[in-house]
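The values are calculated or read from the model by the stated rules, or taken from the named source; none is laboratory data. Bear in mind the structure is a predicted one, so any value in this text is a computation, not a measurement. Positions of Cβ are generated from backbone atoms using ideal geometry, with glycine treated the same way; all protein chains shown enter the neighbour counts. SASA here: full protein model, heavy atoms, side chains in, ligands and nucleic acids out. Shrake-Rupley method; radii C 1.70, N 1.55, O 1.52, S 1.80 Å.
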Amino acid sequence: MAFWGPKKRMEDPRLPASEEWHAPDEEAWLSQIIVDDDDSKVWSLYDAGPRNIRCPLIFLPPVSGTADVFFQQILALSGWGYRVIALQYPVYWEIFEFCDGFRKLLDHLQLDKVHIFGASLGGFLAQKFAEYTHKSPRVQSLVLCNAFSDTSIFNQTWTANSFWLLPAFMLKKIVLGNFASGPVDPEMADGIDFMVDRLETLGQSELASRLTLNCQNSYVEPHKIRDIPVTIMDVFDQSALSTEAKEEMYKLYPNARRAHLKTGGNFPYLCRSAEVNLYIQIHLLQFHGTRYAAIDPSMISAEELEVQKANLQTSIEPDPETL
C-alpha cells in the first residue's frame, strides 16, 4: 500500500537513508472512522506507535493539509516509542460541530486525554477544542505551530459564509496565495511541492469548509485553557502569519514555552523536521513518568535526547525565550 507520494525523500538525518518515502508498517496504515450520524463525515487517521499509550500526541493539519503531511513526525516519533495519531477531519462548517465530532472520535478511540500538535488552522481548532472541553478536560497539552488565536487577522470574516459557493479551483487559488512565492532552499521547495500535491487531493466541500472555519468570526477565550501547558512554535522567515498575529499568541500565553526556528516557512514540520521533532520531544518530556506520557516508558532515553540537542546546536541559534 502506498503511504506518501512525493518523488524524493525530505531530508532528516535521523531517518533511514533512502531515495523514496516508504510506507511504515501495517499498523500505521490509514484508518477511516465515522462517529457522527451523518455517514459522509469520515475521519481519516494514521495511528502509529505503542497502543498501550493512552495519552498520545495527535496532529491536526492546516487548511491545505491531509493526515500524511506529518509523515516525518509519524515515522520518527513512533520509532522512538511515542504513540502518534495524524488526523484528517471531515467536512464541518462550524467550530462547535468540529469540536463535538472530535470529542466523539476520542471517545471512539477510548482516549480520555491527548496532547495536540496543531498547524495553522489545526492549531486554532486545537485551542477551540481545549476551550470546548474545559469543564471536562480532554487536552493535556498543546503544541501550536504557526497558529493563531483570532480569525479576524485574515480580514475575511465578511466572506467566510460565501466560500461554499466557490468552485474548487478558486478555493485552491485562495490557499495557494498564502504559499511562499520567492526563492527558497531545496527542502522548503520540496515541502511546498508536497503541500500543493496534497491540496490537489481535497475536494470542493473539504476546502470550502476549512476556509470557512479558518475565517468565520471566532477567537480563543484564554481564561478557559490557561492551565494547559503550551509550546508556541513559529518561524522567523516568511509565513502566512503576520508579526502582529505572532505577538498576540505570545500575549495570550505568557507562560508558554517558545520554540523558534530561524527558517521553515509555513510548513516547518516538513522541511525542518529534525528541529520540529526535537521541540516536540522536549515539550513531551515534562510528562514522562506520568499517566499522561506519550512514550512507552521502556523507550525513554535521556542520552538520546541530549545527543539530538547537540546535533542541532549548530543549526539552531540560541534564544533566551527559546526552549
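Looking across the stretch 125-160, the residues that are in contact with a helix residue (DSSP H, G or I) (Cβ under 7 Å, 6 or more places away or on another chain), of a type outside the set (Asp, Glu) and in a helix (DSSP H, G or I) come down to LEU125, LYS128, PHE129, TYR132, THR151, ILE153, PHE154, ALA160. If you filter the stretch 171-188 down to residues that are closer than 24 Å to GLU97 by Cβ and not charged (D, E, K, R), you find that the one that is surrounded by the most Cβ atoms within 10 Å (Cβ to Cβ) is LEU171. In the stretch 229-241 there is at least one residue matching the filter, namely being touching a Pro at 6+ places or on another chain (Cβ under 8 Å) and either among the β-branched types (Val, Ile, Thr) or free of Cβ contacts under 8 Å to residues at least 24 places away in the same chain (or both). Applying the set (1) open to solvent by 10 Å² or more (accessible area, probe 1.4 Å); (2) at pLDDT below 80 to GLN308 leaves exactly one unmet item: (1).
A single entry from PHE124, PHE169, PHE154 fulfils the requirement of being aromatic (Phe, Trp, Tyr) and farther than 26 Å from LYS246 by Cβ: PHE169. Of all residues in the stretch 269-304, those that are more than 17 Å from CYS55 (Cβ to Cβ) and in contact with a Cys (Cβ under 7 Å, 6 or more places away or on another chain) total 1. With the condition kept exactly as written, say whether any residue in the stretch 133-153 is open to solvent by 10 Å² or more (accessible area, probe 1.4 Å), free of Cβ contacts under 8 Å to residues at least 12 places away in the same chain and not hydroxyl-bearing (Ser, Thr, Tyr). Scanning the stretch 133-153, I find at least one residue that is open to solvent by 10 Å² or more (accessible area, probe 1.4 Å), free of Cβ contacts under 8 Å to residues at least 12 places away in the same chain and not hydroxyl-bearing (Ser, Thr, Tyr), so the answer is yes.
If you filter the stretch 210-248 down to residues that are assigned to a loop (DSSP other than H, G, I, E, B) and either among the β-branched types (Val, Ile, Thr) or open to solvent by 90 Å² or more (accessible area, probe 1.4 Å) (or both), you find that the one that is nearest to VAL91 (Cα to Cα) is ASN217. Taking each residue of the stretch 88-111 that is closer than 15 Å to HIS134 by Cβ and looking for partners that are assigned to a helix (DSSP H, G or I) and open to solvent by 70 Å² or more (accessible area, probe 1.4 Å) with beta-carbon atoms closer than 9 Å, six or more apart or interchain, yields ILE95/TYR132; PHE96/TYR132; CYS99/TYR132; ASP100/TYR132; PHE102/TYR132; ARG103/TYR132.
Of all the listed residues (GLU187, GLU131, GLU97), the sole one being under 22 Å from GLY203 (Cβ atoms) and among the acidic types (Asp, Glu) is GLU97. Selection of the stretch 76-95 for residues being closer than 24 Å to ILE232 by Cα and hydrophobic (A, V, I, L, M, F, W, C) yields ALA76, LEU77, TRP80, VAL84, ILE85, ALA86, LEU87, ILE95.
Of the set (1) of a type outside the set (Val, Ile, Thr); (2) surrounded by 15 or more Cβ atoms within 10 Å (Cβ to Cβ); (3) touching a strand residue (DSSP E or B) at 6+ places or on another chain (Cβ under 9 Å), all apply to PHE163 but (3). Scan the stretch 269-288 and give yes if some residue there is in a loop (DSSP other than H, G, I, E, B), more than 24 Å from PHE70 (Cα to Cα) and either at pLDDT below 90 or not acidic (Asp, Glu) (or both), otherwise no. No, because not a single residue in the stretch 269-288 is in a loop (DSSP other than H, G, I, E, B), more than 24 Å from PHE70 (Cα to Cα) and either at pLDDT below 90 or not acidic (Asp, Glu) (or both).
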